[in-house]
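Student: Questions regarding the structure given below will be posed in turn.
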Amino acid sequence: MITKMMKWVSVVVLLLAGLRLPTAGNQVLLETVVCLSSFLAITQAVRASRYFWAAGFLTIAIIFNPIVTLGLSGKALLWLDWVCLATFLLSLAAWKRRPTACVAPISDSTTGTKAL
């Protein structure tokens, strides 16, 4: 649940940064939120054995690392904002919970035995 919420926060922050609104002027806040959300998504992807997604979010975490910045140009950073926004939105759509299958009872209705 926390991962999904952080993904939505990242979507909002990346959208504000992509539109270059004045509220998105704090680059360190943007990098911190996106990096933390990426690490949560990596954890979720590894648990679900979705290693392609984990690699993609690891790349996002490296790019938006607030401690060691890459020093990209404004145009490249704007392009990356939109790509990462699309990645977070795709992961929200692709990782919907699937209902678990119903397990058949182990009792036999013909002989009248009960399940353990």
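The values are calculated or read from the model by the stated rules, or taken from the named source; none is laboratory data. What you see is a predicted model, and the numbers here were worked out from it, not measured in a lab. Every residue, glycine among them, receives a Cβ derived from its backbone with ideal geometry; neighbour counts consider all protein chains shown.
Student: Can you tell me which residue within the stretch 32-80, out of those that are of a type in the set (Ser, Thr, Tyr) and more than 20 Å from VAL12 (Cα to Cα), is farthest from the chain's Cα centre (by Cα)?
Tutor: SER73
Student: Would you mind telling me which numbered condition in (1) loosely packed, with under 13 Cβ neighbours inside 10 Å; (2) closer than 17 Å to LYS4 by Cα GLN44 fails?
Tutor: Going through the list (1) loosely packed, with under 13 Cβ neighbours inside 10 Å; (2) closer than 17 Å to LYS4 by Cα, GLN44 breaks only (1).
Student: Taking ALA86 as meeting all but one of (1) at pLDDT 80 or above; (2) assigned to a loop (DSSP other than H, G, I, E, B), write down the number of the exception.
Tutor: (2)
Student: Looking at TRP79, is it modelled with pLDDT under 85, surrounded by fewer than 19 Cβ atoms within 10 Å (Cβ to Cβ) and closer than 16 Å to MET6 by Cα? Break it down stepwise before answering.
Tutor: Working: modelled with pLDDT under 85: yes; surrounded by fewer than 19 Cβ atoms within 10 Å (Cβ to Cβ): yes; closer than 16 Å to MET6 by Cα: no.
It is false that TRP79 is modelled with pLDDT under 85, surrounded by fewer than 19 Cβ atoms within 10 Å (Cβ to Cβ) and closer than 16 Å to MET6 by Cα.
Student: Residue by residue through the stretch 65-76, note down the ones that are at pLDDT 80 or above and not β-branched (Val, Ile, Thr).
Tutor: Correct list: ASN65, PRO66.
Student: Please go through the stretch 30-89 and pick out each residue that is without any contact (Cβ under 8 Å) to a residue 24 or more places away in the chain and among the polar types (S, T, N, Q).
Tutor: Within the stretch 30-89, SER49, THR59, SER73 qualify.
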